[in-house]
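> This is the structure, below, for whatever I ask next.
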There are 2 protein chains.
Amino acid sequence: MLNTLSYRVDELKAYVTRFFTTLNVPEIDAQIAADVLVSADLRGVNSHGVIRLHTYYGSRLRKKLIDPLSPIKTLNETAATLALDGANGLGQVVAYRAMSRCIEMADTAGLAVATVRNSNHFGIAGYYAMMALPEDMIGISLTNSQPLVAATYGLKPVLGTNPIAVAIPAGEEQPYVLDMATSIVPIGRVAVYQKAGQSIPEGWGMDAAGALTDDPNKVIGGGALLPLGGPAELRGYKGYGLSLLVDLLSGVLAGAAFGKEVGNPANQGRANVGHFFAAIKIENFRPVMEFKQDMDQYLRTLKQSPKLPGHDRIYIHGEKEFELANQYLREGVPLMQEVVDSLKQAGDEIGVPFDLKPIK
Amino acid sequence: MLNTLSYRVDELKAYVTRFFTTLNVPEIDAQIAADVLVSADLRGVNSHGVIRLHTYYGSRLRKKLIDPLSPIKTLNETAATLALDGANGLGQVVAYRAMSRCIEMADTAGLAVATVRNSNHFGIAGYYAMMALPEDMIGISLTNSQPLVAATYGLKPVLGTNPIAVAIPAGEEQPYVLDMATSIVPIGRVAVYQKAGQSIPEGWGMDAAGALTDDPNKVIGGGALLPLGGPAELRGYKGYGLSLLVDLLSGVLAGAAFGKEVGNPANQGRANVGHFFAAIKIENFRPVMEFKQDMDQYLRTLKQSPKLPGHDRIYIHGEKEFELANQYLREGVPLMQEVVDSLKQAGDEIGVPFDLKPIK
């Protein structure tokens with residue numbers, strides 16, 4: 001990666017925490033939000049990390065578009081189900097608390113589902129799914145997001161990139177952690193090519209007239225992303241169906257905004273994002289040790305199976321991210337110069353200068 | 001469709017029921033299995049309908065590879081979780097009973113999950129998900145299946161086409177019914193091109209050396225299907241991740257076979273297929289009427305949104321199948337001549353001649 005500066009993880013988290021507390025976020029909540037944001041950079045998902053501290057969170061808090069002090073409201077609660085109103089709080093904090101309660105409930109009930117309405121952009125979906133891992137549970141985390149993706153045979157963005165995250169523990173192997181946008185790529189990936197002045201692989205998105213394009217400017221400026229699978233012939237309607245599914249569960253079931261009504265975090269107005277979380281206790285279905293042994297055996301068999309010519313490795317979902325996190329914990333988290341600049345600008349605006357020393 | 005004969009739905013179900021009872025399947029179970037099989041043809045999913053009566057079910061019952069009389073065993077049961085052993089019964093019967101109990105439990109607990117080990121090929125996954133609809137619940141149905149799909153960067157089939165089915169009720173609109181293989185296409189789709197002597201769209205599968213091919217013979221004879229998304233550049237590892245997810249939930253969590261060990265229903269030996277079912281009661285999250293109004297509004301907005309040039313319709317998942325079912329209920333279910341021939345052969349083998357009169 002060119003033009004990056006590396007920072008110590010703990011220092012970065014401490015800075016982001018200070019940033020949030022200065023904007024009236026309670027200390028504990030600020031620590032949660034900082035942990036979610038920096039964890040994205042740590043796992044190499046830099047599109048969802050501190051790059052968004054300024055526009056998605058800082059600006060919205062300053063403009064009172066996010067309310068960090070309103071307590072989350074419980075709309076309905078039973079032993080295994082929980083419907084919450086996030087009270088327009090920080091998405092990370094609302095999601096963390098919802099998933100924490102979901103896990104507590106699943107410990108007794110064997111499984112639990114929590115829906116959340118009236119929330120905000122919550123960062124990486126995988127963070128909350130992974131909260132289930134230390135409890136020997138399977139974690140699921142879904143959220144809707146602002147419209148960027150076209151339906152199959154549709155011309156305009158009508159769906160979000162609505163991610164699906166599922167975390168499943170293993171024994172000696174790393175856990176399985178799927179964390180995927182239901183579009184081919186998230187919009188941040190297209191923006192990376194746009195900034196670099198490069199063309200995107202054909203198939204990721206279309207222009208305003210509905211033609212496939214390799215020009216990132218046309219996708220971002222009036223076009224749309226394509227759902228996973230791409231064109232109908234290659235079954236893009238399955239990706240469209242998955243994106244819609246995520247919105248039906250996290251938007252409609254939760255009673256949040258859905259479809260084109262989900263707010264863009266970079267815009268004015270209440271976002272009313274919806275989330276869906278689930279936790280499943282493995283022990284209720286079979287002994288945890290047996291389960292983990294089978295997980296290890298399965299994941300090893302996959303990785304050891306014959307490779308395509310020119311490839312020497314088959315990855316399990318989450319594996320690359322665990323390796324990056326280990327590396328970045330030792331060597332520091334790399335941030336692009338422009339991200340560092342945006343942190344400096346964000347910090348200066350609220351009187352919390354970004355003064356961390358890069359490593360080396 | 002060329003060379004098809006149409007049959008009345010009720011007569012077809014009655015014949016399949018008779019077929020199964022002759023093979024020692026109890027009357028009620030035979031009715032269940034017949035309903036699942038014929039429902040596939042009725043919804044236009046003819047790859048999973050009576051075309052498989054001979055090889056997948058009839059032959060296996062005759063060879064005692066499926067045991068239609070052993071009662072399902074409960075391994076563990078709590079208010080919201082259920083772990084079952086299908087006792088190597090007919091997949092349709094085992095799945096129907098598991099989902100029925102899941103729905104009963106969800107009526108009290110608000111949601112429920114049931115896993116099943118030691119089962120067999122269960123037909124269309126969507127059938128069981130749709131059982132939740134009349135109860136104002138969301139239904140989920142997953143199953144693993146024999147290896148046909150390559151992992152990203154992998155050369156050999158290591159995963160099944162492992163389908164995901166989710167059914168969500170609406171108000172005046174038809175329900176949302178997603179029922180998708182996690183490969184680009186199921187193997188039956190490739191077989192249709194093979195039989196017709198046609199080439200397949202490039203991207204669906206690869207040959208034994210790992211090269212993309214448009215030759216269906218090479219995919220079926222030693223090659224592999226590609227996961228949804230296709231190559232890595234277009235994010236086929238997401239489809240790979242979804243296929244793996246289905247197997248981790250329906251195979252590993254259930255304690256069934258998984259990965260390459262899942263039995264091919266056309267082969268000898270115990271299949272030990274695994275399933276995963278869930279039911280979620282909408283009322284526990286928000287009033288059902290509000291939910292259905294939002295569903296209707298969302299689905300209409302999607303269908304009315306601007307279309308791609310050359311297209312005049314955006315479909316909701318399941319919509320085409322509901323329309324076909326309505327048509328076939330009136331006009332009869334069309335079966336290809338070769339399917340009729342296979343029914344005749346299957347019937348003759350067990351002394352239950354397929355003697356239905358086609359319509360017209």
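The values are calculated or read from the model by the stated rules, or taken from the named source; none is laboratory data. What you are looking at is a predicted structure, and each value in this text was computed from that prediction instead of being measured. Backbone-built Cβ (ideal geometry, glycine too); neighbour counts: all protein chains shown.
> If a residue must be farther than 16 Å from residue B:163 by Cα, in a loop (DSSP other than H, G, I, E, B) and at the interface with chain A (Cβ under 8 Å from one of its Cβ atoms), how many such residues does region B:210-252 contain?
3
> Is it the case that region A:191-203 has a residue that's within 12 Å of chain B (Cβ to nearest Cβ), surrounded by 24 or more Cβ atoms within 10 Å (Cβ to Cβ) and of a type in the set (A, V, I, L, M, F, W, C)?
no
> Please work out which residue is nearest to residue A:252 (Cα to Cα), limiting yourself to region A:268-291 and to residues that are within 10 Å of chain B (Cβ to nearest Cβ) and either modelled with pLDDT under 95 or under 26 Å from the mean Cα position of the chain (by Cα) (or both).
The selected residue is A:276.
> Residues being farther than 22 Å from residue B:256 by Cβ and facing chain A (nearest Cβ under 10 Å): count how many of those fall in region B:155-188.
Residues that pass the stated criteria total 8.
> Within region A:90-97, is even one residue charged (D, E, K, R) and either within 14 Å of the chain's Cα centre (by Cα) or within 18 Å of residue A:16 (Cα to Cα) (or both)?
There is no residue in region A:90-97 that is charged (D, E, K, R) and either within 14 Å of the chain's Cα centre (by Cα) or within 18 Å of residue A:16 (Cα to Cα) (or both).
> Which numbered condition in (1) touching a Ser or Thr at 6+ places or on another chain (Cβ under 9 Å); (2) outside the structural domain of residue A:93 (by TED's automatic domain parsing) is the only one that residue A:7 fails?
For residue A:7, the exception is condition (1).
> OK, next. Just one of the numbered conditions (1) outside the structural domain of residue A:121 (by TED's automatic domain parsing); (2) surrounded by fewer than 24 Cβ atoms within 10 Å (Cβ to Cβ); (3) in contact with a helix residue (DSSP H, G or I) (Cβ under 8 Å, 6 or more places away or on another chain) is not true of residue A:216; which one?
Looking at each condition in turn, residue A:216 falls short on (2).
> Turning to a different aspect of this structure: Scan A:111, A:82 and give me the residue that is over 17 Å from the mean Cα position of the chain (by Cα), within 23 Å of residue A:178 (Cα to Cα) and either buried (at least 24 other Cβ atoms within 10 Å of the Cβ) or in contact (Cβ under 8 Å) with a residue 12 or more places away in the chain (or both).
A:111
> Can you tell me which of A:76, A:3 is on the phi > 0 side of the Ramachandran plot and touching a helix residue (DSSP H, G or I) at 6+ places or on another chain (Cβ under 7 Å)?
A:3
> If you go through region A:336-359 one residue at a time, how many are modelled with pLDDT under 95 and either on the phi > 0 side of the Ramachandran plot or not assigned by TED's automatic domain parsing to the domain that holds residue A:47 (or both)?
0
> Could I ask something else about it? I'd like to check something: does region A:266-280 contain any residue that is free of Cβ contacts under 8 Å to residues at least 40 places away in the same chain and either surrounded by 22 or more Cβ atoms within 10 Å (Cβ to Cβ) or among the hydroxyl-bearing types (Ser, Thr, Tyr) (or both)?
Checked region A:266-280: no residue is free of Cβ contacts under 8 Å to residues at least 40 places away in the same chain and either surrounded by 22 or more Cβ atoms within 10 Å (Cβ to Cβ) or among the hydroxyl-bearing types (Ser, Thr, Tyr) (or both).
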